[in-house]
1. Which of the residues belonging to the range 68-83 are more than 15 Å from the chain's Cα centre (by Cα) and within 17 Å of Asn19 (Cβ to Cβ)?
2. Going by what's in this entry, would Val65 be described as in contact with a Gly (Cβ under 8 Å, 6 or more places away or on another chain), under 22 Å from Val16 (Cβ atoms) and of a type outside the set (Phe, Trp, Tyr)?
3. Among the acidic types (Asp, Glu) and under 30 Å from Ile143 (Cα atoms): does that describe Glu33?
4. Which ranges mark the strands (runs of 3 or more DSSP E) fully within the range 53-156 that have 1 or more residues being farther than 21 Å from Thr41 by Cβ and not hydrophobic (A, V, I, L, M, F, W, C)?
5. Filter the range 37-62 down to residues that are of a type in the set (A, V, I, L, M, F, W, C) and at positive phi, then give me how many there are.
6. Restricting the search to the range 51-77, which residues are among the hydroxyl-bearing types (Ser, Thr, Tyr) and crowded, with 18+ Cβ neighbours inside 10 Å?
7. Within the group Ala49, Ala27, Ala22, which residue is small (Gly, Ala, Ser) and part of a loop (DSSP other than H, G, I, E, B)?
Amino acid sequence: MAHDRHAKDDPDVHNVCVNRRARHDYAIDETFEAGLVLVGTEVKSLRAATVQLKDAHGVVDHGEVFLVGCHISPYDKGHTFNHDPERTRKLLLNQREIKRISIRVLERGYTLIPLRIYFRKHLAKVEIALARGKAQHDRRDAIKKRDVARELQRER
């Protein structure tokens with residue numbers, strides 16, 4: 001179900017876009033790797049790394065998961081066959097994962113957020129996470145802990 005691979009561990013992984021705000025604004029509970037259904041010009045734009053995940057989130061609808069709000073800029077040489085930059089994109093997950101995600105999102109108040117988009121070999125993938133929003137004081141606590149850990153590291 002949830003995967004624990006990281007880009008550093010796998011030479012076949014090429015990161016395209018990382019959502020750095022996600023780990024700051026949310027407490028990540030569980031991550032999943034999903035395939036992305038894309039059109040041709042979107043793939044070319046992804047390879048050029050013209051993507052923004054800032055306002056993106058996942059939605060479960062009729063047993064399918066979709067990525068909403070992900071901005072993939074139009075391909076500059078795509079002219080009339082270019083894609084809509086803000087279109088909703090289907091995510092490919094197995095049924096067990098979709099069921100698990102939909103239960104958590106509906107019953108427990110979790111949000112489905114993308115952490116990064118990357119290519120594994122030649123396939124576009126998105127790492128999505130079940131997460132809860134952090135309160136402002138939780139964010140401040142996380143910053144303090146990080147600063148303390150950084151100071152301890154410097155002393156060594």
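1. Correct list: Ser73 only.
2. Taking the combined requirement at face value, the residue satisfies it.
3. Spelling it out, Glu33 is indeed among the acidic types (Asp, Glu) and under 30 Å from Ile143 (Cα atoms).
4. Here the list reads 57-61, 64-68, 111-120, 123-133.
5. 1
6. Correct list: Tyr75 only.
7. The unique qualifying residue is Ala49.
Table: residues versus (1) surrounded by 13 or more Cβ atoms within 10 Å (Cβ to Cβ); (2) modelled with pLDDT of 85 or more; (3) hydrophobic (A, V, I, L, M, F, W, C); (4) under 21 Å from Thr31 (Cα atoms).
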site	(1), (2), (3), (4)
Thr80	no, no, no, no
Leu92	yes, yes, yes, yes
Arg96	no, yes, no, yes
Leu130	yes, yes, yes, yes
Ile143	no, no, yes, no
Arg150	no, yes, no, no
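The values are calculated or read from the model by the stated rules, or taken from the named source; none is laboratory data. In this text the structure is predicted, and so the values were computed from the model without any measurement. Here the Cβ is made from the backbone with ideal geometry for all residues, glycine too, and neighbour counts use every protein chain on show.
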